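Right, one structure below, let's go through it.
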Amino acid sequence: AQSVTQLDSQVPVFEEAPVELRCNYSSSVSVYLFWYVQYPNQGLQLLLKYLSGSTLVESINGFEAEFNKSQTSFHLRKPSVHISDTAEYFCAVSDWSGGYQKVTFGTGTKLQVIP
Amino acid sequence: NAGVTQTPKFQVLKTGQSMTLQCAQDMNHEYMSWYRQDPGMGLRLIHYSVGAGITDQGEVPNGYNVSRSTTEDFPLRLLSAAPSQTSVYFCASSYNAPGGPSTEAFFGQGTRLTVV
């Protein structure tokens, strides 16, 4: 079974500073990788995804993540954070098991942007 | 297009009571699932369904039942509520293309359940 590790439960960062949220997953033949964001009292929303092709994927609000197969990582980065980025971020891995898609989530990283 | 709708948003139950959390989606997705979210534990899969009439257990199924009589609806039933079931519950749906690329999951807004 897949597993996803988000080592940092909380990451405080000053506004306009860069940030990296780490995600590692257990190896599999082929996986699909996702980052979801959860704002307070809301459900999860897709931030970005890697299915195939370019290993660097970007979101519309300035986040990017790079798929690194050799290190089994999918770290999320942003060069300059904004107050509105304060949220909890979940890394997720999807693979096919028994003919069906199975999704495994990490435990989440709370990003706190300090003014 | 409403997406995934969960009701109720908040619920307080007494130990031993039963209730049903409702989930409906209007995207014609085959795959639906229920998660519970607890502090420091991320999302844990309770039950999932790959289509009408087909359900299976996830990581933490004990104390919960599901059924899938239609593509749109996937209710979660708590048989006899316990304080350990105090949590935030999320329903999600996605398009399940066998052998094809995975698509993202669409989540409801959640149900915050407290069992006293």
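The values are calculated or read from the model by the stated rules, or taken from the named source; none is laboratory data. Because the structure is predicted, anything quoted here is derived from the model rather than measured. Note that each Cβ is placed from the backbone with ideal geometry, even for glycine, and that neighbours are counted across all protein chains shown. These accessible areas exclude ligands, DNA and RNA; they are computed on the full protein's heavy atoms, side chains included. Shrake-Rupley method; radii C 1.70, N 1.55, O 1.52, S 1.80 Å.
The table for this structure:
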item	result
Residue in the range B:40-53 that is nearest to A:ALA92 (Cα to Cα), counting only those that are open to solvent by 60 Å² or more (accessible area, probe 1.4 Å) and at the interface with chain A (Cβ under 9 Å from one of its Cβ atoms)	B:MET41
Only one of A:GLY53, A:GLY62 that is within 14 Å of chain B (Cβ to nearest Cβ), small (Gly, Ala, Ser), surrounded by fewer than 20 Cβ atoms within 10 Å (Cβ to Cβ) and in a loop (DSSP other than H, G, I, E, B)	A:GLY53
Some residue of the range A:102-110 being within 14 Å of another protein chain (Cβ to nearest Cβ), β-branched (Val, Ile, Thr) and assigned to a loop (DSSP other than H, G, I, E, B)	yes
Elements of type strands (runs of 3 or more DSSP E) contained in the range B:5-50, each with 3 or more residues being in contact (Cβ under 8 Å) with a residue 60 or more places away in the chain, within 29 Å of A:VAL4 (Cβ to Cβ) and touching a strand residue (DSSP E or B) at 6+ places or on another chain (Cβ under 9 Å)	B:19-25, B:31-38
Some residue of the range A:41-50 being open to solvent by 60 Å² or more (accessible area, probe 1.4 Å), more than 15 Å from the chain's Cα centre (by Cα) and modelled with pLDDT under 90	yes
Checklist (1) within 13 Å of chain B (Cβ to nearest Cβ); (2) of a type outside the set (A, V, I, L, M, F, W, C); (3) without any contact (Cβ under 8 Å) to a residue 60 or more places away in the chain applied to A:SER30, failing item	(3)
Test: residue in the range B:14-37 that is modelled with pLDDT of 90 or more, open to solvent by 40 Å² or more (accessible area, probe 1.4 Å) and within 12 Å of chain A (Cβ to nearest Cβ)	no
Some residue of the range B:89-109 being more than 12 Å from every other protein chain (Cβ to nearest Cβ) and open to solvent by less than 10 Å² (accessible area, probe 1.4 Å)	no
